[in-house]
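The values are calculated or read from the model by the stated rules, or taken from the named source; none is laboratory data. Here the structure is a predicted model, which means the values were calculated and not measured. Using ideal geometry, Cβ is built from the backbone for each residue, glycine included, and neighbour counts are taken over all protein chains shown.
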Amino acid sequence: MAIHNDLGHKGEALAKAHLEAGGYEVIDENWVFGKAEIDLIAYKDGVIIFTEVKTRTGNGFGEPEDFVDERKQRLLVQAADEYIYLMNHQGDVRFDIISVLFDRYNNFKLKHIEDAFWPSAT
């Protein structure tokens, strides 16, 4: 497995632990629809939270969350729409980003951005 895949899996595991420690129930992981993959799908207080996890070893090119561009957001929304349909969810939804930034000593900084973006009308 490629090193970047290992890093991604490590970041997702840390994000999942963070959510669970915060009282979220992680109901799905790495859910795929079309060209989109939703890293973590959680549930709390009647809300389904679709979570994109971005993990990096440096921020020389920007913070990890900066890499969730409009194209990625559109793909996530399309996948979320399908998930909501399949689960017949009638409540609220939210899109979060969890960024995990490692330093050269393998220490990490985790940032949970709630309501990171909202589907556009386009």
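Being at pLDDT 95 or above, of a type outside the set (A, V, I, L, M, F, W, C) and surrounded by fewer than 13 Cβ atoms within 10 Å (Cβ to Cβ) is the filter here; which residues of region 53-87 pass it?
The one that is at pLDDT 95 or above, of a type outside the set (A, V, I, L, M, F, W, C) and surrounded by fewer than 13 Cβ atoms within 10 Å (Cβ to Cβ): 85.
Please work out if residue 101 is in a helix (DSSP H, G or I) and not β-branched (Val, Ile, Thr).
So residue 101 fails the test.
Matching residues to (1) of a type outside the set (Phe, Trp, Tyr); (2) free of Cβ contacts under 8 Å to residues at least 24 places away in the same chain; (3) touching a Gly at 6+ places or on another chain (Cβ under 6 Å):
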position: 60; (1), (2), (3): yes, yes, no
position: 65; (1), (2), (3): yes, no, no
position: 71; (1), (2), (3): yes, yes, no
position: 75; (1), (2), (3): yes, no, no
position: 78; (1), (2), (3): yes, no, no
position: 85; (1), (2), (3): no, yes, no
position: 96; (1), (2), (3): yes, no, no
position: 108; (1), (2), (3): no, no, no
position: 113; (1), (2), (3): yes, no, no
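Take the residues in region 99-109 that are out of contact with any Ser or Thr (no Cβ under 6 Å at 6 or more places or on another chain) and crowded, with 17+ Cβ neighbours inside 10 Å; name whichever of them is nearest to residue 27 (Cα to Cα).
Initial filter on region 99-109 (out of contact with any Ser or Thr (no Cβ under 6 Å at 6 or more places or on another chain)): 99, 101, 103-109.
Now narrow it down to the ones that are crowded, with 17+ Cβ neighbours inside 10 Å: 99, 101.
Numbers: 99: 20, 101: 25 Å.
By that ranking, first place goes to 99.
Anything in region 7-25 that is in contact with a Phe, Trp or Tyr (Cβ under 8 Å, 6 or more places away or on another chain) and not in a helix (DSSP H, G or I)? List them, or say none.
Matches in region 7-25: 24, 25.
Collect the residues in region 31-47 that are surrounded by fewer than 13 Cβ atoms within 10 Å (Cβ to Cβ) and part of a strand (DSSP E or B), keeping them in residue-number order.
Of everything in region 31-47, just one residue is surrounded by fewer than 13 Cβ atoms within 10 Å (Cβ to Cβ) and part of a strand (DSSP E or B), namely 32.
With respect to residue 50, determine if the residue is more than 17 Å from residue 18 (Cβ to Cβ), surrounded by 13 or more Cβ atoms within 10 Å (Cβ to Cβ), in contact with a helix residue (DSSP H, G or I) (Cβ under 7 Å, 6 or more places away or on another chain) and at pLDDT 95 or above.
For residue 50, the condition - more than 17 Å from residue 18 (Cβ to Cβ), surrounded by 13 or more Cβ atoms within 10 Å (Cβ to Cβ), in contact with a helix residue (DSSP H, G or I) (Cβ under 7 Å, 6 or more places away or on another chain) and at pLDDT 95 or above - is not met.
Could you list all residues from region 38-96 that are hydrophobic (A, V, I, L, M, F, W, C) and over 16 Å from residue 27 (Cα atoms)?
61, 67, 68, 75, 76, 77
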